[in-house]
Each structure stands twice: as structure tokens, then as C-alpha cells.
Amino acid sequence: MSEDESGEEIILSDLDDAELVEQMFDDLYDGMKEEIEEGVRILLGRGWPPYRVLTEALVGGMKIVGEDFRDGILFVPEVLLAAGAMKGGMAILKPLLAETGAPTIGKMVIGTVKGDIHDIGKNLVSMMMEGAGFEVVDLGINNAVEAYLEAMEAEKPDILGMSALLTTTMPYMKVVIDTLVARGLRDDYIVLVGGAPLNEEFGRAIGADAYCRDAAVAVETAKALIARRHNRAAAG
Ligand code: B1M
């Protein structure tokens, strides 16, 4: 149940469009899945195209969550709740978006590297990337180079994302990138890496395009590098 500042119940359907979107930002921030689902249904019922609901109500709200997460105002449990609420809304929109063929910004294959079973951070990155309009193929944990290569061959993503949380597993990212280089495939993909023990210097040293400190940075970096790629392609 959405509430205003004085604790009074808010009837979502009584709000006009702008007020409802503002309220959905608050509800997403608070991880209120049912309210987000209701808000999505109301906007669709008022004739909003699914892509507009996704970008203006859900992605807009998730952007605020991502910024506050990056700035240390929100923490992992809250972000997981917000991401869960967002997923609830997205589940309603997904089939409709597929019907209307809404453009995705790009596609990413992501997985935690071989020997590593940490997946909370990777899952957050996947959710935030999906929330920002990317198609994400999540390979899960403990991925050997063959698993990444197979998925890239099958999925033809724009971006390869790798996650590692252990100092013993992070060097495996270089194994994957070196294999791409050896097969002449490196320039076909934007390679983003992340995980708590990494840093920018490590990202550069192993030949990644960028190290992403957190999920919000991953989204910002992915968008910037995709745009740069398109501009380069357009310039011939
Ligand atoms: Co593990 N663990 N753990 N652990 N664990 C750490 C990483 C550790 C630092 C704890 C410690 O000792 N202080 C330590 C590593 C030490 C080191 O290598 N120097 C450690 C260890 C040692 C281990 C085991 C070896 C313990 C043991 O068995 N003796 C073992 C390893 C198992 C294995 O992988 N083979 C192990 C196991 C586990 C659990 C299973 C219990 C559990 C994982 C549960 C799960 O993931 N489903 C776990 C957890 C929870 C942690 C800590 C406490 C938290 C990690 C986490 O989820 N953080 C962790 C301590 C810590 O990091 N402070 C620790 C929250 C998450 C949101 O942040 O993953 O950094 P993070 O992701 C961020 C960014 O890094 C970035 O964006 C995310 C969101 O903002 N990011 C990316 C991450 N991946 C990205 C990919 C991208 C872009 C950005 O691609 C584009």
C-alpha cells in the first residue's frame, strides 16, 4: 500500500499521470513490488505504450536507485528489493515489448569466472542493465572460457561482462580476453569487468575496455561505449 508523508493511504488510480510516475519512483525506491505492478497496469490502461512505461516510470525510478547505491545512500538489501519490484513491473511489460518490437540499447553476455561462485554483484549488474534497456544473457557462476565463447557465438552480444570476487579468480579474466585476442575476436566485443578486488589498473592491464566499480557505473559505461561504437560505425 503506497502512503503519503503523513501515512495516509494513496490510491494510485486517483493520481494523474505525472503524480503516478513520481509515486512509482518512490515505490520502486522502497522496493514495493505489488504497487509497481499496479502502477504499470494503470499506465498501460491509460494508453501508455509499454516502452514509455518502461523508460519513464521504471528505468527513471531505477536510475535514482542506482545513483543512491553508487553514492552509498542505499545498500545491497534495499537495491535487491528495488530490483525485485522493477522485475515485477518488467515481467508485465516484457511480452508487450516483444510484440511492439521496442528497441533495446544493446546485448550483454555476463558471467562470474571459473572457480568463483559469488553472484550477488553480477545479478545486480544484470538487473540494472536490463532496467536500463539492455538485453542480458546471464551465464551464472563458475564459467570457463569455453562457456563464454559458446555463448558469444550463439548470442552475438555487443558486450562481454565478467565478474570475479576472489583475488585467486580475477586473473582468469585475462585468460578469457587472451583467448579472444588469439582467435581474432577481441575487437568484436566491448569487454567490461567488475568485482570487489578489481580496480581500473587491473582492468587496463588485462586488456578490458573498462573496469566497472558498481552496477550504476556498469550501466553508464556500457551506454557510453555502445554510443561510441555506433558513432564510429556511422563515421565509416
Ligand atoms: Co566470499 N569472499 N568467499 N562468499 N564473500 C569475499 C569476496 C571476501 C572478500 C570475504 C573476506 O574474506 N573478507 C573473500 C575474498 C578474499 C580474497 O580473495 N582476497 C571471500 C572468500 C575468501 C570466500 C571463500 C573462499 C570462503 C571459503 O570458502 N573459505 C568462498 C569462495 C567460494 C568460491 O567462489 N569458490 C566464499 C564464499 C562466499 C559465499 C558463498 C558464502 C557468499 C557468496 C554468495 C553469493 O554470491 N551467492 C560470499 C559472500 C557473500 C562474500 C562477501 C561477504 C560479499 C560479496 C557480495 O556479494 N558483495 C565478500 C566480502 C566483500 O566483498 N566485502 C566475500 C555485494 C555485491 C553487491 O558486491 O560483488 O562487489 P560485489 O559487486 C558489485 C561490484 O563489484 C560490481 O557491481 C556490483 C554491484 O554494485 N561488479 C561488477 C561485480 N561484478 C561485476 C561485473 C561487471 C561489472 C560490475 O561486469 C560488467
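Things to note:
- For Asp187 and Lys156, the difference between the fully extended length at 0.36 nm per residue and the C-alpha to C-alpha distance is 9.9 nm.
- Of the trypsin sites (Lys or Arg not before Pro) in the range 171-207, those whose Cβ has at most 10 other Cβ within 10 Å and which sit in DSSP loop: Arg183
- Expected 222 nm ellipticity per residue - DSSP helices of 4 or more, -39500 (n - 2.57), all of the chain, to 500: -16500 deg cm²/dmol
- Take every DSSP beta bridge whose two residues both sit in the chain; close to 5 percent of them are antiparallel.
- Net charge contributed by nearby residues that have their C-beta within less than 12 Å of Ala216 (K/R +1, D/E -1): -1
- Mean Cα-pair separation over length for the chain, i.e. relative contact order, pairs under 8 Å, 6 or more apart, %: 16
- Kirkwood-type radius of the chain, with distances r between different C-alpha atoms, in Å: 18.7
- Nearest 10 degrees, 0 to 90: helix 17-29 Cα axis against the chain principal axis: 50
- Solvent-accessible area, 1.4 Å probe, carbon plus sulfur percent, for the range 12-100: 56
- Straight-line cross-link partners of Lys156 among the lysines, defined as a Cα under 16 Å from its Cα and at least 8 positions apart when in the same chain: Lys107.
- Per residue, the accessible area of the chain comes to 49 Å² when a 1.4 Å probe rolls over the protein heavy atoms.
- Here is the P(r) of the range 1-86: all C-alpha pair distances, binned every 5 Å from 0, give 3, 15, 28, 24, 17, 9, 3, 0 in whole percents.
- Model label points for Glu201 and Phe75, set 7 angstrom from Cα along the Cα-to-Cβ axis, are 3.0 nm apart.
- Over the range 107-235: Rg over Rh, Cα atoms, Kirkwood Rh: 0.93
- With Cα atoms, 0 to 90° folded angle of helix 33-45 axis to the chain main axis: 70
- Rounded Å value of the spacing that divides the Cα centres of the range 137-177 and the range 1-54: 37
- On the basis of the beta-carbon distance and an R0 of 35 Å, Glu5 and Tyr51 show a calculated FRET efficiency of 0.65.
The values are calculated or read from the model by the stated rules, or taken from the named source; none is laboratory data. Being a predicted model, the structure only gives us computed values, none of them experimental. So basically every Cβ, Gly included, is an ideal-geometry build from the backbone, and we count neighbours across all protein chains shown. For the accessible areas, the whole protein counts, side chains as well, though only heavy atoms, and no ligand, DNA or RNA atoms are used. Shrake-Rupley method; radii C 1.70, N 1.55, O 1.52, S 1.80 Å.
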